[in-house]
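Working notes, structure below.
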Amino acid sequence: MPLDAPGGSRLRLAELVATLSLATDLARGRPLEQGLGTCLLAVGLGEEAGLAEDELARVWYGALLRHVGCTADNHLLAAVVGDEIAFSAALAVTDTTSPEAFAAHLAGFLRRTGGPEAAARLPALAAGMGELAVAVCEVAELLADRLGLGPEVRRDLTLGAERYDGRGFRGLAGGEQVPVAVRVVQVAETARLAAQLARPAGPEVADAVAAAEAATVVLGERAGHALDPGLVECFRAARGRLLGRLGPGPLWDQVLASEPGPRPELTGDALASGLAAMAEFVDLKSPSMVGHSSGVARLAGAAAARAGLPPADQAAAARAGLVHDLGRVAISSAVWERPGPLTLDQRERVRLHAYYTERVLAASPGLAGLGALASLHHERLDGSGYHRGAASAALPPVARVLAAADAYQAMTEPRPHRPPLDPDVAAAELRAEVRAGRLDADAAAAVLEAAGRSAGRRRPRVAGLTAREVEVLGLLARGRSNRQIAAALTISPKTADAHVQHIYAKIGVTTRAAAAVFAMRHDLVGPAGR
């Protein structure tokens, strides 16, 4: 269904992008507003360097979306390092564009966290570092396209990890071949991280001096290697003015006010597409969750209509379905992918994801109401849910529909600890929740009617994919290896690999993470998996 702006308000694209930046901070274990601070520094540096307005706009969007592909292949990274968020947080000022520096950090992290036996896992990740770097950039480009950003911004994100000396993971460009918007963001991000990590030296003035000195030192070490030496010198000359932009208070309003050029607004299909980008960003976190958010959105919107809710509530249910799990990115994939029972600590962390969803969306005035609704998806009528433990009196009809839709959709999807439930079995489980007083009877009935209680559906043909290729793509999106795909479809691994390569060629991607985004976007994941 078409979606209008929340509550009829006008929502800037900038608000949605800045919200994604906050979520990216959570996903990478970084302080909130780190991306916003990088944006302010980057725009200021671009102005100091004399960039035109269109180039400054690319800097603005590039700084906020530079790491938006970070959820790609998180489960693979977690399988090697354990907690991939802690691993990312520990990177700090490590030059992650350098294969050598990244490998050294990886080895050190495994020694500190896993002991001698962790060394055996090092070759597994080292072999996949190149594809991981490609996947992050490729997914960022796809999400930028979903947000309606132009080809220049998308290309900037593709080249975001290139180095001035041309010795990055991908080696696609070097020197002036790296777009100036990318080079500006790289310098600004390095300075931001170094300034953040500077040890406080005393009163505020001394702290500012220490931060400026730390930034200058790190930039100087990387000038001519990872970073453009001319832009490093430009930053050094203006460091006081630039770092002065980062006050002690929230940066949200400053960042929104600093957006150069036209300030597009989101309504209707553009808003739906922007929220869908958030859904794809989240669902890449875990192979078993691929397509979950879009599935909940479709089911919740349709169920709200069948329940007779007003059109505004129908739209709200669908919108909330797209973003209800945004807070999942704050919890390690090692938890989401755990095949057995969770520990008490892990259960408590899982319960926090609804809280994080609300808090990230609360930063945007245009999305705060949506966040408040989305955060209710695990609440239950008897008060046994989370994160608030809210009971029936605090749960409006649209929230009850969202909770029932999320529960049913999750039951029909595979999880690390169980296979997907047959739709009839899932329907029986949903009715049992109603009888236990946890879910609303009318909401559950509407969800089951909207779901049709059908075990399967005819999948659409897109991009010239054959029926077999659609099957392979669905399994690939769920994180299955070529060997696992072959076993599931009773074909040889060589045939499975051939199918994968044909799929890549037809849909125009080169990594499994990007293929998963394509599958979600075209509803080719399927609720049951294999």
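The values are calculated or read from the model by the stated rules, or taken from the named source; none is laboratory data. Computed from a predicted model, the values in this text were never measured in an experiment. Methodologically, a virtual Cβ is constructed for each residue, glycine included, from the backbone with ideal geometry; neighbour enumeration extends over all protein chains shown.
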Hey, residue 478 of a type in the set (Lys, Arg), within 16 Å of residue 72 (Cβ to Cβ) and outside the structural domain of residue 135 (by TED's automatic domain parsing) or not: yes
Could you list, in sequence order, the residues of region 8-49 that are among the acidic types (Asp, Glu), under 20 Å from residue 140 (Cβ atoms) and in contact (Cβ under 8 Å) with a residue 24 or more places away in the chain? 15, 33
Qualifying positions in region 460-481 - outside any loop (DSSP other than H, G, I, E, B), within 19 Å of residue 287 (Cβ to Cβ) and touching a residue at least 24 places away in the same chain (Cβ under 8 Å): 469, 470, 472, 473, 474, 475, 476, 477
The correct count of residues that are over 21 Å from residue 330 (Cβ atoms) and touching a Phe, Trp or Tyr at 6+ places or on another chain (Cβ under 8 Å) in region 274-307 is 1
Of the conditions (1) of a type outside the set (A, V, I, L, M, F, W, C); (2) at pLDDT 95 or above; (3) surrounded by 15 or more Cβ atoms within 10 Å (Cβ to Cβ), residue 384 fails just one. Which one is it? (3)
Out of all the residues in region 279-289, which are within 12 Å of the chain's Cα centre (by Cα) and of a type outside the set (D, E, K, R)? 279, 281, 282, 284, 286
Does residue 273 satisfy the condition of being part of a helix (DSSP H, G or I), among the polar types (S, T, N, Q) and crowded, with 24+ Cβ neighbours inside 10 Å? no
Assuming residue 426 fulfils every condition listed in (1) under 21 Å from residue 440 (Cβ atoms); (2) out of contact with any Phe, Trp or Tyr (no Cβ under 7 Å at 6 or more places or on another chain); (3) buried (at least 19 other Cβ atoms within 10 Å of the Cβ) apart from one, which condition is it? (2)
Quick check on residue 113: is it modelled with pLDDT under 80 and either hydroxyl-bearing (Ser, Thr, Tyr) or under 22 Å from the mean Cα position of the chain (by Cα) (or both)? yes
Can you work out which of the residues in region 331-357 that are among the aliphatic types (A, V, I, L, M) and within 21 Å of residue 369 (Cα to Cα) is farthest from the chain's Cα centre (by Cα)? 352
When residue 56 is run through (1) of a type outside the set (Phe, Trp, Tyr); (2) under 19 Å from the mean Cα position of the chain (by Cα); (3) at pLDDT 95 or above, the failure sits at (2)
Picking from 338, 328, 400, 319, the residue that is surrounded by fewer than 24 Cβ atoms within 10 Å (Cβ to Cβ) and in the same structural domain as residue 436 (by TED's automatic domain parsing) would be 338
A careful count of residues in region 505-522 that are crowded, with 18+ Cβ neighbours inside 10 Å and assigned to a helix (DSSP H, G or I) gives 11
Looking at this structure, is residue 297 among the small types (Gly, Ala, Ser), in contact with a helix residue (DSSP H, G or I) (Cβ under 8 Å, 6 or more places away or on another chain), free of Cβ contacts under 8 Å to residues at least 60 places away in the same chain and not assigned by TED's automatic domain parsing to the domain that holds residue 34? yes
Residue check: is residue 257 within 30 Å of residue 59 (Cβ to Cβ) and without any contact (Cβ under 8 Å) to a residue 24 or more places away in the chain? yes
